[in-house]
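Engineer: Encoded as structure tokens, here's the structure I'll be asking about.
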Amino acid sequence: MEDDNELLLNKLCKVSPISIEVVDVENRELVCTSEWILQHLGYTEEEFFILSRNLFEKIVHPDDRVIQLSTYESLFNQPEAPFKECTIRVLRKDGIYQHIQLRIAILKVDEHNKPKTVLAMATDVGELMDLRQRLELQLGILDIISYKNSHELRGPVATILGLIQLIEHNQFDGGFSKEIISLLKRTVIKLDDVIHEINQHSVEN
């Protein structure tokens, strides 16, 4: 019966429209995989099985290896958890690292309740990560704009308004001069309002 179950699982992996792998955690290597991941990463089945040794050490980005292993460890320490997940980079055959979201769940345990095999599901999140990076870049730009508006533009505006108040307080004579001061005051107030609107727009977006 167990052989029948393994055969069924192997067939399900093969025909799955998403990435599904069964990993032998005792030997730290692949048991079966779906065609999707092979096509997505560009490897043959034989190549992928070889690369799967030691929990895919050869194709997981070195900076993400600790994330991957800690996710496995977290699951093993909490076998009652339905699954654990992380986002890592995996090397494609063309030499480019691809962001994937890895979700793993314990499939089989031994008589001591120690995990023997896990079910791993991988989802391509490359576009999502690119979008996140672009959003972070735009937010950084907005932060710079907000800082410049708050500290580099509002400062001179405040100075001009202070000078105008000083001139008004000293009762500066001359009708023409008063008209210029009035226009200057309205312009600076309008500029200050525009800066305030830009800052509000930056915060809201």
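Engineer: Compute the length gained on full extension between ASP192 and ALA105: take 0.36 nm times their separation in residues and subtract their Cα-Cα distance, giving the result in nm to one decimal. Display every interim value, and only then the final one.
Structural biologist: Working: separation 87, 0.36 × 87 = 31.32 nm, distance 5.70 nm.
Contour length minus Cα-Cα distance gives 25.6 nm.
Engineer: Could you give the spread of the C-alpha atoms of segment 9-133 along their three principal axes, from largest to smallest, in whole angstroms?
Structural biologist: 42, 31, 24
Engineer: Still on this structure, I have one more. For GLN133 and SER70, what is the calculated FRET efficiency with R₀ set at 25 Å and r taken between the beta-carbons, to the nearest 0.05? Intermediate values should be presented prior to the final figure.
Structural biologist: Working: r = 23 Å, r/R0 = 0.94.
That gives a FRET efficiency of 0.60.
Engineer: Hey, another quick one. Can you list residues whose amide H is under 5 Å from ARG28's amide H, if they're 5+ apart or on another chain and H is modeled 1.01 Å from N?
Structural biologist: Residues meeting the criterion, in which the H sits 1.01 Å from N, do not exist here.
Engineer: Let me ask something else about it. Using the Karplus curve 6.51 cos²θ - 1.76 cosθ + 1.60 with θ = phi - 60°, work out ³J(HN,Hα) for each residue of segment 140-147 in order, rounded to whole Hz, and write x for Gly and Pro.
Structural biologist: Result, ordered by residue: x, 5, 5, 4, 5, 4, 4, 5 Hz.
Engineer: Follow-up. Along Cα→Cβ, 7 Å out, is where each label goes; now give me the distance between the ones at ASN113 and ILE181 in nm to one decimal.
Structural biologist: 8.5 nm
Engineer: Full extension from ILE50 to TYR97: what is 0.36 nm times the residue separation minus their Cα-Cα distance, to one decimal in nm?
Structural biologist: Details: separation 47, 0.36 × 47 = 16.92 nm, distance 1.81 nm.
Separation in residues times 0.36 nm, less the Cα-Cα distance, equals 15.1 nm.
Engineer: While we're on this one: If r is the Cβ-Cβ distance from GLN39 to ASP63 and R0 is 30 Å, what FRET efficiency results, to the nearest 0.05?
Structural biologist: Working: r = 26 Å, r/R0 = 0.86.
Given R0 = 30 Å and the Cβ-Cβ separation, E is 0.70.
Engineer: Give me HIS99, HIS112 ranked fewest to most by other Cβ atoms within 10 Å of their Cβ, as a rough exposure proxy.
Structural biologist: Going from least to most buried by this count: HIS112, HIS99.
Engineer: While we're on this one: For segment 2-124, with the dipole built from +1 on Lys and Arg beta-carbon atoms and -1 on Asp and Glu ones, taken about the Cα centre, which of TRP36, HIS61, VAL23 lies farthest toward the positive end?
Structural biologist: The residue sitting farthest along the positive end of the dipole is HIS61.
Where a number appears in this text, it was derived from the coordinates with a stated rule and is not lab data. Since we're looking at a predicted model, the values are computed, not measured. Methodologically, a virtual Cβ is constructed for each residue, glycine included, from the backbone with ideal geometry; neighbour enumeration extends over all protein chains shown.
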